[in-house]
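Report on one structure; see the data block that follows.
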Amino acid sequence: EKTGEGQTMDLAMLDTMVGFLWPETMGSLSFVGKEQDPAHSQKSPDLVFKTADGYITAGANSDSEWEGMCNALNRPDLICDPRFKTAQARSENIAQRRQIVSDEISSWVSEEILERFDLGGVASAPILTRIELINNPQIVENNILTIIKDEILGDVRVPRPPVQHSGQPTCVRKLAPFQGADNRALMLELGYKEPEINQYVRDEILHQPSPDD
């Protein structure tokens, strides 16, 4: 309205991912001249623990979360341990804390320890394989994945758009067309006959997509 000119919007996947992850994971590297080792951050994101049957992520930042984690692991003695009694102490002794927590979690089955963490108010979640992801109850119940029928590829599983509207749910109606997918229709619209079009395809003047493309 002010200039009468529009602008091109450039949205790259790399920019999007860096912007999305930065507030959660890069706090220790945000303050120039005061950078810290991310591994020593109290909120370091690499809280991945091996269980008896898989992997989970879990974190305890506040005193109440730490207490919940210790009780869930049947280690109430760690709550008042001087090395871990306060957030500052837990940060200063982070290597010992993580080793102890890792050793304790390794003896539990994922589902059981996650349930105990949930009851104790500890932020935690399973780390899913790709196969587990598509069968995850939350994924299934929310219809996050959908099946698109494609003339060439057959049934294709794709995620729905992440932004959903209350009045009209967004969905994926079809896949992006193959290169040249509309060539025949456009040629017919321009007045060419089928025999001519077929000859152009045989002469490799006109591309006709196939399942091998």
Looking only at the range 180-213, and only at residues there that are of a type in the set (Gly, Ala, Ser) and loosely packed, with under 14 Cβ neighbours inside 10 Å, the one that is nearest to Ile152 (Cα to Cα): Ser210
Search result, residues across the range 71-94 that are among the hydrophobic types (A, V, I, L, M, F, W, C) and under 14 Å from Ala60 (Cα atoms): Ala72, Leu73, Leu78, Ile79, Phe84, Ala87, Ala89, Ile94
Pairs with Cβ under 6 Å, 6+ apart, first in the range 135-159 and in contact (Cβ under 8 Å) with a residue 60 or more places away in the chain, second in a helix (DSSP H, G or I) and of a type outside the set (A, V, I, L, M): none
Enumeration of residues in the range 36-57 that are surrounded by 15 or more Cβ atoms within 10 Å (Cβ to Cβ), at pLDDT 60 or above and either among the aliphatic types (A, V, I, L, M) or within 20 Å of Thr86 (Cβ to Cβ) (or both): Leu47, Ile56
Any hit, the range 58-66, residues being of a type in the set (Ser, Thr, Tyr), surrounded by fewer than 15 Cβ atoms within 10 Å (Cβ to Cβ), more than 27 Å from Arg130 (Cβ to Cβ) and touching a residue at least 12 places away in the same chain (Cβ under 8 Å): yes
Single unsatisfied condition, Val122 versus (1) touching a Gly at 6+ places or on another chain (Cβ under 8 Å); (2) aliphatic (A, V, I, L, M); (3) assigned by TED's automatic domain parsing to the domain that holds Asn198: (3)
Filtered residues of the range 52-81 (kept if in contact with a Pro (Cβ under 9 Å, 6 or more places away or on another chain) and either over 16 Å from Arg97 (Cβ atoms) or of a type in the set (Ser, Thr, Tyr) (or both)): Gly54, Tyr55, Ile56, Thr57
Residue within the range 61-74 that is part of a loop (DSSP other than H, G, I, E, B) and under 27 Å from the mean Cα position of the chain (by Cα) present: yes
Identity of the residue in the range 133-163, farther than 28 Å from Ile56 by Cβ and in a loop (DSSP other than H, G, I, E, B), that ends up modelled with the highest pLDDT: Pro161
Restricting the range 11-38 to residues that are hydroxyl-bearing (Ser, Thr, Tyr) and in a helix (DSSP H, G or I), the residue that is nearest to Ala95 (Cα to Cα): Ser28
Which listed residue is hydrophobic (A, V, I, L, M, F, W, C) and touching a Lys or Arg at 6+ places or on another chain (Cβ under 6 Å), from Leu175, Leu145: Leu145
Which listed residue is surrounded by 13 or more Cβ atoms within 10 Å (Cβ to Cβ), within 17 Å of the chain's Cα centre (by Cα) and of a type in the set (Val, Ile, Thr), from Ile139, Ile100: Ile139
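The values are calculated or read from the model by the stated rules, or taken from the named source; none is laboratory data. If you're wondering where the values come from, they're calculated on a predicted model, not measured in any experiment. Cβ atoms come from the backbone with ideal geometry, glycine included; neighbour counts cover every protein chain shown.
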